[in-house]
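The values are calculated or read from the model by the stated rules, or taken from the named source; none is laboratory data. As the structure is a prediction and not an experimental result, all values here were calculated from the model. Quick note on the areas: whole protein, heavy atoms, side chains included, nothing else; ligands and nucleic acids left out. Shrake-Rupley method; radii C 1.70, N 1.55, O 1.52, S 1.80 Å.
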Amino acid sequence: MVLEALAAASSTASPPSTSNFNLPPPPEDAWSRAYQRLHPRWKSLSHSHLSAIPISISKVNQVDAARLDIEMSAMLKEQLVKVFALMKPGMLFQYEAELDAFLEFLIWRFSIWVDKPTPGISLMNLRYRDERALEVPGKVRTGLEGPGLTVAQKIWYCVATVGGQYMWTRLQSFSAFRRWGDSEQRTLARRAWLLIQRIEGIYKAAAFGNLLIFLYTGRYRNLVERVLRARLVYGSPNMNRAVSFEYMNRQLVWNEFSEMLLLLLPLLNSSTVRNFLRPFSKDKPSSSAEDDSACPICLANPTIPFLALPCQHRYCYYCLRTRCMAAQSFRCSRCSEPVVAMQRHVEGTSTTNLKR
């Protein structure tokens, strides 16, 4: 029955039209012409529906990069100062501002100017990006894309960070040397000094405000980056922040421990601590085995022997006198009895010298 239905359908089907075979073939470059004509429209439509993907850059990385750059400049300065170690003392101090500006210019010349990050920025896997590219549609589609700084941005970056810092340092040192702030009679110098102080206060307030904004948004560490619209972004999306905190934590612990010792050691008296720990000592020497003729402080034979009263143990005069003056409640180093007076030890005669 199925075969009969198929046969009936084939018999009623109309013959194929011959008009389709009479059409001329399309030209060979028809596909390329259509692609060139429609591609710009498709690209504009696709970009109109896309927006830049927001990405947050680690604030710790950015702050660490600035700190590493400062440390790098300090290392270069230390090595450069060693070159002039044999020259006249104090001569290099006069040109310290020029030396700092020269080192900052070298770092800028071989990093920012040639489209490379500074050493600290490179270690943190960051780079500078022209944030103004976000305003042009179609240039930035992810958080890591975007061109580097323009030539104008690089030059203004050098002028602000190198030239501006040098000029401000020189202006402050010159005004302090000329004592503009102390000049009561010269009103012009006094006004210039007040203007400098006011500009410095305004700059510090603006820097503090920028810091608060940076901590909230994670963009633009300083005012120069904010004015130039130079933002730090990741240089490579697949690189992790490979920084070990083990050495840093150990260094912090030892620094705090050493500062604590430097604070406490001058407050401790060695003889007092030794006398306090003597009862807990395991190897207590017997009184008969001790050499009573030697001074228990310097362990030498006393040249000017004195006796500590009331226990009458023999000391050097200077050892006993300095200990009694240093500690009002000095105890004998042999028997731990409080010393209330000292007496000159002479065969047959004695002179008493009371403490205080």
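Here are the numbers for this structure:
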{"read-out": "Fraction of accessible area attributable to carbon and sulfur, the stretch 59-234 (%, probe 1.4 Å)", "value": "65 percent"}
{"read-out": "Per residue accessible area in Å² of the stretch 59-234, where ligands, DNA and RNA are left out and the probe is 1.4 Å", "value": "65 Å²"}
{"read-out": "Whole-Hz couplings from phi, Karplus 6.51/-1.76/1.60, listed for the stretch 222-231; x for Gly and Pro", "value": "9, 5, 5, 5, 5, 5, 7, 6, 9, 9"}
{"read-out": "Rounded, prolate or oblate (a/c below 1.5 giving rounded, otherwise prolate when a/b exceeds b/c) for the stretch 59-234 by Cα gyration tensor", "value": "oblate"}
{"read-out": "Carbon/sulfur fraction of accessible area - the stretch 294-344, other protein chains in place, 1.4 Å, %", "value": "53 percent"}
{"read-out": "Rotationally averaged projected area of the stretch 294-344 (alpha carbon convex hull; nm²)", "value": "2.9 nm²"}
{"read-out": "Which of 223, 123 is most accessible, then next, and so on - probe 1.4 Å", "value": "123, 223"}
{"read-out": "Solvent exposure of the stretch 294-344 as accessible area per residue, Å², 1.4 Å probe", "value": "51 Å²"}
{"read-out": "Cut-off under 5 Å, modelled amide H: who pairs with residue 313 long-range", "value": "308"}
{"read-out": "Amide H contacts of residue 341 (H built 1.01 Å from N, under 5 Å, at least 5 apart or other chain)", "value": "309, 355"}
